[in-house]
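Note sheet for the following structure.
The values are calculated or read from the model by the stated rules, or taken from the named source; none is laboratory data. Bear in mind the structure is a predicted one, so any value in this text is a computation, not a measurement. Counting neighbours? That spans all protein chains shown, and the Cβs are built from the backbone with ideal geometry, glycine included. Protein only, heavy atoms only, side chains kept; ligands, DNA and RNA dropped before computing areas. Shrake-Rupley method; radii C 1.70, N 1.55, O 1.52, S 1.80 Å.
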Amino acid sequence: MKRKLHTFYYNTLKALIAFALRMFYRRHEVDGYKENVPKGKPVIFAGNHQNALIDALNVVCTTSRDRQPTFMTRSDIFLPKLKPIFNTFKMLPIYRQQDGVDTLQKNEEIFATCIRRLSRKEALIIFPEGNHNRQRRLRPLKKGTARIAFLAEEANDFQLGTCFVPVGLNYSNHLHFRGDLYVKYGKPINTEDYYEEYQTNPQRTLIKITQVISDGMRDSILHIANKENYETIESLRMMYEVPMTRKAGLNPRRLRDVFDSAKKLIDVIERRISEGDPQWPQIAAKTSEYRAALKKFRWRDHVVAAAPYSFVGLLLYAVGLILLLPIHLYGVINSYIPYKIPDIAAKKIFKDDHFHSSVKAAGAIFTFPILYLIQTGIVWALSDLRWALIYLVSLPLTGNLAYWYSVWVKKWYSRWSFSSLLRKKNPEVLMLVENRKMITEYLEKITTHLPETAKQ
């Protein structure tokens, strides 16, 4: 009975958080799960670690209903008040050296728990990089992931058939609400293929399989290997991945297509650098100037890319914003508190902003429904049931519009200020436009052979 109740609580929490994450992200795509995750076998999902706790939640919530993965996270976030949630979600603390002298013994106990769960053909989520970092690059992996799998196999006479499944978490924006998330499950890696090697030389086999896992993870993420030119390559990717997707005849609204195009773009740029492209130093310098100018004016690349803007169009845009202003204010007044509580809580509980999006997404599950119902109850008490129901229906609609209204205002202001400075022939803005033209011409040239390849 206890097992069934635990399953019920886990699935309920999983469904709630999955719903919150779907609301948190603008676009959310999962690729490769059905094809690559074996059924009836213990599985270790090996994911890249860019965004703290929300990485694990995104893997948990994209697994099938029959999977209830256990995952490990830093011991310092195991706050006493949150322990019931952690236990329900099968979260295990992993201890670091700075957590105390007995960390090794504690971790051995955690590994023993993992081995027992693999022996029951359950799933684990492990982030083999060992720590989180937002750069689009896979860091060296720890051998602990492979070690846990083979310890479980040893304990079961190598009869489990444990599989590693690489998972790539690709965020368009790690912190902000309404970004995009593309989750890619890579091809499974079977421990069975390494049994004989392990019997002969365990350490060499663990190193070998760790490298195979690393290769699978790297295929599932956007990996910029060139550290020296990282910022430049990342800027070029952001500028050109969507045009390149269109150029390849693919759908820029499909995250998989954009991801595939971006990987090819990164590969081409890094190859040009390694081959000593004589034009690269100039392009790198212009990209740096372009990025600095955007930061100074607080613009994004799309502001320059979508120019020119007609005066009439911008004027009509402003009229539309004025007409929507009362609805925006209504939405802000009624949704500000449930929106702000998770934001304040995230900053107060965690100094590390890698955890903020996790708290915001999870906290919104509770703050919005609870406060919306309380507000509706107050309206009901002051009027009648009909007006209370109308008010309740209006809350999520106007709350969502309030968010997008703020986005639209920023977009309009950026376009208006850009157009105004361009009409005045501001030298910095003219240089900005010229730099972008030079950069895109270069990217067009080096990717001329890719459209046909991208379609395959």
Enumerate the pairs (first residue in region 200-219 and under 16 Å from F127 (Cα atoms) and of a type in the set (K, R); second residue anywhere and open to solvent by 60 Å² or more (accessible area, probe 1.4 Å) and modelled with pLDDT under 95) with beta-carbon separation below 8 Å, excluding pairs fewer than 6 apart on the same chain, so at least 6 apart or on different chains.
none
Looking at region 122-132, is at least one residue open to solvent by 50 Å² or more (accessible area, probe 1.4 Å), under 27 Å from the mean Cα position of the chain (by Cα) and more than 20 Å from P38 (Cβ to Cβ)?
yes
Being among the acidic types (D, E) and closer than 19 Å to V429 by Cα is the filter here; which residues of region 264-296 pass it?
E289
Can you pull out the residues in region 403-423 that are of a type in the set (S, T, Y) and modelled with pLDDT of 95 or more?
Y405, Y413, S414, S417, S419, S420
Given the criteria within 30 Å of Y25 (Cα to Cα), out of contact with any strand residue (DSSP E or B) (no Cβ under 6 Å at 6 or more places or on another chain), in a loop (DSSP other than H, G, I, E, B) and modelled with pLDDT under 95, does R253 qualify?
yes
Can you report the number of residues in region 227-251 which are farther than 20 Å from T287 by Cβ, in contact (Cβ under 8 Å) with a residue 60 or more places away in the chain and surrounded by fewer than 18 Cβ atoms within 10 Å (Cβ to Cβ)?
1
It is to be established whether one or more residues within region 189-197 are outside any helix (DSSP H, G or I) and open to solvent by less than 50 Å² (accessible area, probe 1.4 Å).
yes
Conditions first: (1) farther than 25 Å from I54 by Cα; (2) exposed (fewer than 15 other Cβ atoms within 10 Å of the Cβ). H176 passes all but one, so which condition is the exception?
(1)
Residues of region 377-403 being within 28 Å of the chain's Cα centre (by Cα), among the aliphatic types (A, V, I, L, M) and surrounded by 13 or more Cβ atoms within 10 Å (Cβ to Cβ), which ones?
L395, L401, A402
Name the residue, out of N48, N11, that is open to solvent by less than 30 Å² (accessible area, probe 1.4 Å), in contact (Cβ under 8 Å) with a residue 40 or more places away in the chain and closer than 30 Å to Q159 by Cβ.
N11
Number of positions in region 151-173 that are among the hydroxyl-bearing types (S, T, Y) and either crowded, with 20+ Cβ neighbours inside 10 Å or touching a Phe, Trp or Tyr at 6+ places or on another chain (Cβ under 7 Å) (or both):
2
Identify all residues within region 283-293 that are surrounded by fewer than 17 Cβ atoms within 10 Å (Cβ to Cβ), touching a residue at least 40 places away in the same chain (Cβ under 8 Å) and either in contact with a Lys or Arg (Cβ under 9 Å, 6 or more places away or on another chain) or not charged (D, E, K, R) (or both); write none if there are none.
S288
Answer residue from region 294-313, given it is in a helix (DSSP H, G or I) and surrounded by 15 or more Cβ atoms within 10 Å (Cβ to Cβ) and is nearest to the chain's Cα centre (by Cα) among those
D301
Of all residues being closer than 30 Å to V30 by Cβ and among the acidic types (D, E) in region 256-282, which is surrounded by the fewest Cβ atoms within 10 Å (Cβ to Cβ)? Just the residue, please.
D267
